[in-house]
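Step one of this worksheet: look at the structure below.
What follows draws every value from the coordinates through simple rules; no lab data is involved. Nothing here was measured: the structure is a model prediction, and the numbers come from that model. Every residue, glycine as well, gets a Cβ built from its backbone with ideal geometry; the counts of neighbours run over all protein chains shown.
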Amino acid sequence: MRLNPRRHRDRQDHQDYQGRQGVRSETAPAAPHRLGPPASQQRLSLGAGRALMIHRRALVVTGLLILAALAVMGIMLVTGAYELSAAGALRVLGGQGSDLDRFIVLGQRLPRAIAAALVGAMLALSGAIFQSLSRNPLGSPDIVGFTTGASTGGLVVILLSAASSTLQIATGTILGGFATAAVVVLVALRRGVGGETLVLAGIALSEMLSATNDYLISRATIQDAEVAKAWQYGSFNAISWGQVRPLLIAAIMLLPQVLWFVRPATMLEMGDDAATSLGVRVGRIRGAMLGYGVVLAAVCVAVSGPIGFLALAAPQLARRLSRSAGVAMVASAAMGALLLSGADFLAQRLLSPFQIPVGLVGAALGGIYLIWLLVLPSDRGGQAC
């Protein structure tokens, strides 16, 4: 009987394949599927069935940014017209030292350093919230008009009150910020609160409010106009513990709340339909994020006056350093604290003994940042938290 060569070759190939499979199954058993977060992430339980996924690189970057901000604050405590050693500053912080050292460190430099770090962190976090909400890197409170609206409310209080307190200015800025946010949302409501519509509506309203602020200053007395104009530049030159204590209380109440927005904000950036299918109440989360960002920006404006570009640049710089898929909110807050502390240090030292308003230094650094964005190759990374 003749064998079919083709059939014999097919049978031999099949036997060889089975033999290879048998050897593979004996020598290299299939690895079980790994359940849980990727190796680059860590799961942090928040209680009540909630959990937060932390990127390890973002955690390291955040820690380094916080250490750098603390280092800048330490340098601010020991440098200036009255030189002080690091050991002398530590003695003052420990309750010792001369009366002059205590006055300089505890009464002048420490409240300014704390205010710069807290205002920077809260402004940057506000910018991260709005950039995540609008899915646009230009969606910061100073661009979309919320900071300008808050400054309008503050100016009204300063110009109408004979002796305005920090609480009164804060109330005016919060009311002005919420009124501006309401108008922007109503204008952008036809196409949804997000994307380019929110940014364009905010830019248009910001220009109108800037003109309103200039008109209010022009109608005031010379003394009131000087005070209002100096406040409008953004400065920590006259900061004191009377302003820092309410800022500390606001920071303790507001900053930890960001942990509750990270997960739903990440889902929102996948689109409204995807977020709804995952159980996110889109309208409620958007409203909560909008109110949270407005309050953060308004509190900062009440303490220091409007400071531009920080909320725009800090989230994007933190995102690039942490190499996250989008805006990392906690890293953004740390980056904001570092940037504003450094800007305030430059404002004190560049033309010493004259002090530049930190808002002007921030505007200069923001211009450099925008130029850097123009010459940088386009980044196709998404916006996420």
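Numerical summary
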{"quantity": "Peptides 135-142, 247-254 ordered by average Cβ neighbours within 10 Å, highest first", "calculated": "135-142, 247-254"}
{"quantity": "Cα pair distances of the stretch 76-225 binned at 10 Å [whole percent]", "calculated": "11, 28, 24, 21, 13, 3, 0"}
{"quantity": "Calculated on alpha-carbon atoms, Rg and Dmax of the stretch 56-375 in Å", "calculated": "19.6, 64"}
{"quantity": "The stretch 56-375: relative contact order in percent, alpha carbon pairs under 8 Å with at least 6 residues between", "calculated": "31 percent"}
{"quantity": "Calculated from backbone phi, Karplus (6.51, -1.76, 1.60) coupling profile of the stretch 304-321 in Hz, x at Gly/Pro", "calculated": "10, x, x, 10, x, 6, 5, 5, 7, 8, 4, x, 6, 5, 5, 5, 5, 5"}
{"quantity": "Between the stretch 195-246 and the stretch 297-367, the Cα center-to-center distance that results, in Å", "calculated": "17 Å"}
{"quantity": "Residue order, fewest to most beta carbons within 10 Å, for S277, S218", "calculated": "S218, S277"}
{"quantity": "Fewest-first ranking of Y215, Y233, Y82, using other Cβ atoms within 10 Å as the exposure measure", "calculated": "Y215, Y82, Y233"}
{"quantity": "Sum of side-chain charges, V78 neighbourhood, beta-carbon under 13 Å (Lys, Arg +1; Asp, Glu -1)", "calculated": "+1"}
